Amino acid sequence: MKTIKILKLSTILFLLFIQCSEEPAIIEEPNSEPPFECPNEITDIDGNSYKIVTIGDQCWMAENLRTTTFPDGTSIPKGTPEETLSFETPEIFYFDFDEEYPSDIADFSSLNEHLSKSKFYTFLAATNSQQFGNENEVLQGICPDGWRLPNLEDWQVLVEFAGDDVAALNLKSDKPRLWYDVNSSSFENGTNQFGFDAEPNGVRSHFGFDTTPGTTGLYWSSTTNSDNNAMTPVFSSGLDWVQFVQRTRSVGLCVRCVKTE
């Protein structure tokens, strides 16, 4: 009997020894790090600084691009207010907002105060001479290194996160006396819920500025759907949602860049 008890005791001690000598299991905590990190600010090749906002899983410029230089250091040709843009052949130009919309015109005075440094770019300037792009193509274009000209999918992701039917309202600037509703003859504000600060910069048309500043904000996407047109998001006064329309590639629009993953 003693022999059996001794064997049982030795077996128990052996099992305890094995159990204690095993390495403790490491419990990994869920990864709390975001899948990306947005900087607070970036600088373009000209030294212009831009505020950055995080919206969903995207990093966006919260200001219109102002560079006059391509990422490789080449200067972008500057157009003049008298410049006539070709309907048939896309050209490479940028235009100064304050030259296109003089501050002495009362209707544009409040816009000029906020948008005087903005630039309009023709499509070939925005894409750095690239002619075509599909919906998902990643194209740096005129944007700083590590950033890209948004494609149609980038804009659609932004709009969906911002509320679809109320996306424009949530993305529009809340600065006073910018968005003018012609139907109610009054200024309206967006909520700027995500800090995107979309402004009614209008369009630099083929023959100079047109009447859309204050009522419409358009931005280039890199996505084309024909030889002459690109898909563009449109923010309009009086509308809470963002429209996507075809726009001829030979006009001048503003640019917002999105971070390349």
Residue list for region 186-209, restricted to those being assigned to a loop (DSSP other than H, G, I, E, B), free of Cβ contacts under 8 Å to residues at least 60 places away in the same chain and among the small types (Gly, Ala, Ser)
Gly190
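Residues checked against (1) among the small types (Gly, Ala, Ser); (2) in contact with a strand residue (DSSP E or B) (Cβ under 8 Å, 6 or more places away or on another chain); (3) crowded, with 22+ Cβ neighbours inside 10 Å:
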position: Val138; (1), (2), (3): no, yes, no
position: Arg148; (1), (2), (3): no, yes, no
position: Gly163; (1), (2), (3): yes, no, no
position: Leu178; (1), (2), (3): no, yes, yes
position: Ser186; (1), (2), (3): yes, yes, no
position: Ser236; (1), (2), (3): yes, yes, no
position: Trp241; (1), (2), (3): no, no, no
Checking the conditions here, which among Thr232, Thr224, Thr191, Thr215 is surrounded by 18 or more Cβ atoms within 10 Å (Cβ to Cβ) and over 15 Å from the mean Cα position of the chain (by Cα)?
Thr224
List the pairs whose first member sits in region 237-261 and is farther than 28 Å from Pro39 by Cα, whose second member is modelled with pLDDT under 90 and aliphatic (A, V, I, L, M), and whose Cβ atoms are under 6 Å apart, counting only residues at least 6 apart or on separate chains?
Ser250/Leu85; Val251/Val203
Go through (1) on the phi < 0 side of the Ramachandran plot; (2) in contact with a helix residue (DSSP H, G or I) (Cβ under 8 Å, 6 or more places away or on another chain); (3) in contact (Cβ under 8 Å) with a residue 60 or more places away in the chain and name the single condition Val166 misses.
(2)
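Per-residue answers, yes or no, for (1) in a loop (DSSP other than H, G, I, E, B); (2) modelled with pLDDT under 50; (3) among the small types (Gly, Ala, Ser):
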residue: Ile27; (1), (2), (3): yes, yes, no
residue: Ser32; (1), (2), (3): yes, yes, yes
residue: Pro39; (1), (2), (3): yes, no, no
residue: Ile42; (1), (2), (3): no, no, no
residue: Val53; (1), (2), (3): no, no, no
If Val157 satisfies every condition in (1) farther than 19 Å from Phe70 by Cα; (2) of a type in the set (A, V, I, L, M); (3) modelled with pLDDT under 95 but one, which is the exception?
(3)
Region 68-152: helices (runs of 4 or more DSSP H) wholly inside it with 1 or more residues that are at pLDDT 90 or above are 123-126
In region 160-185, residue nearest to Ser116 (Cα to Cα) [restricted to those that are in a loop (DSSP other than H, G, I, E, B), of a type in the set (A, V, I, L, M, F, W, C) and modelled with pLDDT under 95]:
Leu178
Residue pairs meeting the criteria (Cβ under 6 Å; at least 6 apart or on separate chains; first on the phi > 0 side of the Ramachandran plot, in region 141-158; second of a type in the set (A, V, I, L, M, F, W, C)):
Gly141/Ala126; Gly141/Leu149
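The values are calculated or read from the model by the stated rules, or taken from the named source; none is laboratory data. This one's a predicted model, so the numbers in the text were calculated from it and none came from an experiment. Glycine gets a Cβ as well: all are built from the backbone with ideal geometry, and neighbour counts include every protein chain shown.
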